[in-house]
Structures are given as C-alpha cells and as structure tokens.
Amino acid sequence: MRVYSNLDTLPAFHRTVVTIGAYDGVHLGHQQILEQVIELAQSCDGESVVLTFEPHPRTILHPNDPDFKLITTKEEKIALLEACGIDHVVLVPFSEEFARQSARDYVESFLIERFNPRYIVIGYDHRFGNNREGNIDFLKQYENNAGFDVVEIPAQEIDDIAVSSSKIRKALDTGDVKRANRLLGHAYTLSGLVVEGNRIGRSIGFPTANLQVPERYKLILPDGIYAARTTTGGKRYDAMLYIGSRPSIDGDEEKRIEVNLLDFEGDLYGETLRVDVLDFIRGDKKLDSLEALQQQIENDKQAITDVLRHMDGAAVVSNMETTMPEAEPETPDATNGIDVAVVILNYNTRRHLETFLPSVVEYSQGARIIVADNGSPDDSLPFLRLHYPDIEVIDLSTNFGFAQGYNEALKQVTADVYVILNSDVEVTQGWMEPVLEAMKADPHLAIAQPKILAWHQKDRFEYAGAAGGWIDRLGYPFCRGRIFNQLETDHGQYDTPQDCFWAAGAAFFIRAEVYHQFGGFDGDYFAHNEEIDLCWRIKRAGYRVRCLPQSVVYHLGGGTLEYESPRKVFLNFRNSMFTLLKNESWAVLLWLLPARLVLDGLAAVRFVLKGQFRAILSILEAHLSFYRQFPRLLRKRKEVAEWVERYRVGPENREGMYRSSIVWAHYARRIKTFDALVKNKASN
C-alpha cells in the first residue's frame, strides 16, 4: 500500500474506486465498506483509494471541543487500512482554506482531476464544499460527463457506523476493552515512543517501558491494569499495561502509560512500541508500600497470564486448529431429542463465518450444522474445509439467491426441524431449547423465532424480526420492537412468548415436513419477504407462528443486502405485492391493490424528501414487475390454495395481523412503539 500526504506528488491515477471519510478506528462497519471498495476495484481492473483528512477536520473547525477523541492515530489508521488490502491512502491536508472551497471546485479540481475515479463510494449524507453546499445528488450530476458512478452507502449502514463508533468510544471510556474490540474487529491499540522513566519498576523486578503517545486527541483508557500484547524484535510478548498517576508512589501525580513485557529482557528506549490492549484487569489503587505494590503486580501478572491463555484457548477452539486446549465439560445436547439441522446459506461472506460461526458451533450441541454455499467467489469453502472440517458443506455452485438457495439446499437435508440461520447471526447459550421445547409440546406450532437483538447495539431490537413479525391490513410488515425504521430498546417489555404473523428469516425454526408440503420459499422472491409469504401460506392452513423471547440471538443486519439499498427497496415493494396476491382474498384485493399503488406512491415521495432518488425508480420497477407477472402469480395463487386445503390442520390463523393501517398509526398518529400501538388499539 502506498501513502501520500502531499497532493502535489500524487501519481497519475486511472480507474480508481475512491471512498472518502475519517475512518477513525477502521472498525467492522468501515471494513464492510472497504471490502466493497476493493471488490469494485477488482471488478473494473482499477485501484482502491481511501481519502482521509489529516488533521481530523474537527480539530480545525472545532479546536476547543473537549469531548473529541480519536480511536486511532494517523499511523494506527494507516496500518489498519493496509491490513484491509487498500491500494492507496491519501492523507488530504485539511485546513480552513480547503474547507472554504466551493463544491464545484471540490468535485472538479480535487476529485476528478486528481483521482480520475471510476467509482466514488460515499454515504448518503456526505456533504462537502463551502458551507457544506455539496451533497450526493450534486456529485451525481457529474457521472455521465466525468465517466464515474456514485455508489451510495445507505442510511442504515451510515447510521450503524456512527452508532458503532459511538459505542466503541463509550466502551473504551469505561474500560470495557473486550466489547470495544468486538465492535472494532481488531484490538484497540496504544502506540508511541518509549521514553526514559524513573526506573522504579526495575527496582521491584518489573521494568516498564514508558510510552509517550504523540497524538493529543488519542483516546486514553481509564486508569488501571490491562492485559495486552506487543511485538518487538520480531517476537510477540504478553504484556501488562498500566495507565495512571501511580498513587502508591509519593510525589508522582503525572499520568503515565507503562508497559511491562512479560519474559522480556532488553532495552526499549527510543523504540516506537505498538501495544494491543485485550482486557481490563482492575482499577488503579493506592498501596501502603513498595512491597505491597510488588505483591500486587505479581498477582496482576498471574491474572493477565490466565486471561491471555484463556483467549488463546478460545481462539484455538473457534479456529478448529489441530492443537486443542484442555478439554472442558461437554455441553448438554440442546435439541431435546429432536433431529435438528442448522442450515446457514453463504454467499461471499467468509468474514461473517469467521466472526459468527464459533458461537453456532459452541451453543448448538446435538444439532447438525450445515453451510450451503451459493457459488461464492471468495475463499469461503477453503476456509470452512481448513478450519471447520466437521461442519457439513453443500456446494450449490450457483448463486440462487436467498429463497431458492435454501430450497436447493434443503432438498439435500433430512431432519425434523430446520433452523434457517443467517451467516451474520451470533447465537447465545440456550438459544435452541425454548423454541424446540415449544415445538415439541405443540404439533401445530410450525414456525418460530427467537428474540433478535442488534449485534452492534445489544440492548436494541434488530430490524429483521425483533420480537416477532406482524403485518397490517394493507400488507405492510412491522415487528414487536420495530415499527418501520423505529427500533426500540429492549428492557424486557416483550419477553412474553407470543404468536405472531411471521418469523424472521435471520433465525427461522420450521418443521421440515411443513416446509416441503407448502413448497418452501418462493424462489422468484430472490430475497426479502419470502418468510412472510411462507408463514402466511402455512397459517392459512391453521398452523401457528410464534416468538419465544427466552431464546436470544444477535443479528448484524444488512450483512448481505443493505436495508435501504435500491435493490432492497425493489424487492421489498415487489415481493410484498406478490405475497398479497397469492394469499389475500379477492374481496380484499379489489380495493387493496389500488390502495397500495397510492400508498407506495406516497412512500416514493418520502424517499424524495430523504434525497434517495434511486429508490423512486426501484418502486416503479417493483410495480411494473408485479403487473408483468400477474398471470404467473394467478397460477401460483391456485397452487397455494390447493396446498392449504390438502394440509389443513384447522381454521385460518390470523394472529399477528393488525386490523388497521400501521402507516396511518405511525406517521399520522405518531405511534412509535409496539406497546403504544397495542394500548391505543385496546383503548379504542
């Protein structure tokens, strides 16, 4: 990777894929964008370029902001971007003069002239130029003449990135390093020059390297002792990190960052040391004597050794390497005597398998775990064969999409219950038992889901399912815990098991026999709404769909298709109408389809107000696709009706259908939560 800090010495770029942003922390959200940038560069035989500003614009525009802190220094950020595989990083010198240039000069003289882009990947809310006059629509005006395409990072992803950065800073501010590292996707780092100290540590047998962090805005962890690792001389060392003003030593009130490398002998003065901080051990405290301090440090050293050994053991288990840690007691069978197959459909998401598969392996004892690969062009299959040889793999060789991909995979799987699980879901201990016990007790419970919380914000419900899916009279879906994009905080308000209208495809338990009797997912949907359609078919035959909140999983969300991408909007609107035509009565459809045409038009107006103009075209294309396929859908409607009558177990079940309009309730009556919706209904 090449790094540039002088705009006058840039090379002649050709066919670049450019992304612009602070990229502070280079966390998991950033990494997803960078993967997209790299994939685009490979697709057009171009080069990936990250433009980031140095110094950070806030230090120039708001120099006295006491709350501003950086997760990464310039050097740390560069190292992380290089690890992601970026070709070029340009540290754009930021100044008040640069900020005052017009939007036109910024695009023409800066972006186009200097970088010759083929793609520009930016957030939907990106602003530039004097007084922030330029936006993504202004930039798109140049697409045809300048020969580049603007790739918009949708609102949900940008919001997730902002939330992640905020949560990382909050976790670091409270010393919760493990949580911060999970969100970062790498260890939080402190780096700086080793300078001369007063050698008190050496006198008690624990020589320390005193770290001088050069970046004044760098976020420093709270005072205390931390488990860490660092590398010097090409060798990796366990380390004890101390941050504080050494209250046990009289006359020393200066805040220090000191690192003791375990089992290291040598002199580090003058070296630049990078310290990866891995866990918090204890807070700082005053001790009565140097002898007491020495004993406490001995205890800390043992605690750190134990913590790091445990981390290494967990990593070995998750990677299924040949050298295994000491055996632990076997986890009880979670399947309650039911033949369960957990099936994960994968397409080009090796990064999700690395992150989330370990929890599935650990907490799904007794179930078969199967990864069905939809013809991924990445190294997902070699990764699985190397690190998870005991997991079954179905190589579909072709990308069938989510719906048909599962149909093709499940033709090859025999089980009592299928658990359809997204590749970006982290499961928890005991996640299967409540659902399987309920299904075993009630033969008419055909489909169920756990409570689904957000992986990046674990106290909030996740968009795709929350605490059970509902649908309104007009066919618009929402959830217990999520109305449109309004996500609620989980404080146990929906912890009572409840029948719902649909279960989320992110973590979807279904009786295998019922899945096949009712034709599985509709392959024409590709993705989105296919679970609602299948649930509706099955409920028409009298079966139940239920959420069991005692089971909890965490969903990354948008891991395969961003929530407000044009493609997602198209599938959302089109597939919703597909579902209505296949399942609703003609008496309702005669007024409902015209009503949906009007309401979807109003949705397009809302996208206009948000500046998401491509979504308007997606809605229009969705309606055109629906009308073109009308005859075919009528044939499917007849086929579904035959399945319903053939496999009926009771009267049609419409539990989970809101008998009014959620659009009216949310936007006109300002109802924001499911609780408020239910109370309002009861009062009426």
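For region 43-70, filtered to residues that are free of Cβ contacts under 8 Å to residues at least 40 places away in the same chain and in contact with an Asp or Glu (Cβ under 7 Å, 6 or more places away or on another chain), the residue that is farthest from GLN31 (Cα to Cα) is ILE60.
In this structure, is THR73 among the hydroxyl-bearing types (Ser, Thr, Tyr), in contact (Cβ under 8 Å) with a residue 40 or more places away in the chain and touching a Pro at 6+ places or on another chain (Cβ under 9 Å)? Reasoning before the result, please.
On the way: among the hydroxyl-bearing types (Ser, Thr, Tyr): yes; in contact (Cβ under 8 Å) with a residue 40 or more places away in the chain: yes; touching a Pro at 6+ places or on another chain (Cβ under 9 Å): yes.
Criteria met by THR73.
Which members of region 161-177 meet the condition of being touching a residue at least 24 places away in the same chain (Cβ under 8 Å) and surrounded by 16 or more Cβ atoms within 10 Å (Cβ to Cβ)? The answer is ILE161, VAL163, SER164, SER165, LYS167, ILE168, ARG169, LEU172, GLY175, ASP176, VAL177.
Do we find that ILE394 is surrounded by 22 or more Cβ atoms within 10 Å (Cβ to Cβ) and either under 27 Å from TYR347 (Cα atoms) or under 24 Å from the mean Cα position of the chain (by Cα) (or both) in this structure? No; evaluated as a whole, the condition is false for this residue. Picking from residues in region 76-100 that are of a type outside the set (A, V, I, L, M, F, W, C) and buried (at least 16 other Cβ atoms within 10 Å of the Cβ), the one that is nearest to TYR23 (Cα to Cα) is LYS77. The set of residues from region 10-53 being crowded, with 19+ Cβ neighbours inside 10 Å and among the aromatic types (Phe, Trp, Tyr) comprises TYR23, PHE53. Identification of strands (runs of 3 or more DSSP E) wholly contained in region 218-279 with 2 or more residues that are of a type in the set (Lys, Arg) and under 18 Å from ILE304 (Cβ atoms) yields 235-244. The set of residues in region 1-49 being over 19 Å from the mean Cα position of the chain (by Cα) and either of a type in the set (Phe, Trp, Tyr) or part of a helix (DSSP H, G or I) (or both) consists of TYR4, LEU7, ASP8, THR9, PHE13, LEU40, ALA41, GLN42, SER43.
Tell me, which residue of region 427-455 that is surrounded by 22 or more Cβ atoms within 10 Å (Cβ to Cβ) and not hydrophobic (A, V, I, L, M, F, W, C) is nearest to VAL514 (Cα to Cα)? So, considering only residues that are surrounded by 22 or more Cβ atoms within 10 Å (Cβ to Cβ) and not hydrophobic (A, V, I, L, M, F, W, C), the one nearest to VAL514 (Cα to Cα) is GLN449.
Within region 400-435, the set of residues being in a loop (DSSP other than H, G, I, E, B), at pLDDT 90 or above and not aromatic (Phe, Trp, Tyr) comprises LYS411, GLN412, VAL413, ALA415, ASP416, ASN422, SER423, ASP424, THR428, GLN429, GLY430, MET432. Among the residues of region 581-609, the ones that are closer than 22 Å to HIS666 by Cα and either in contact with a strand residue (DSSP E or B) (Cβ under 8 Å, 6 or more places away or on another chain) or of a type outside the set (Phe, Trp, Tyr) (or both) come to 17 in all.
Filtered by the rule that a residue be free of Cβ contacts under 8 Å to residues at least 60 places away in the same chain and in a loop (DSSP other than H, G, I, E, B), region 86-116 gives PHE94, SER95, GLN101, SER102. Only one entry of PHE674, PHE607, PHE626, PHE613 meets the criterion of being modelled with pLDDT of 95 or more and surrounded by 11 or more Cβ atoms within 10 Å (Cβ to Cβ), and that entry is PHE674.
The values are calculated or read from the model by the stated rules, or taken from the named source; none is laboratory data. Source: prediction; values computed, not measured. Note that we place each Cβ from the backbone using ideal geometry, even for glycine, and neighbour counts take in every protein chain shown.
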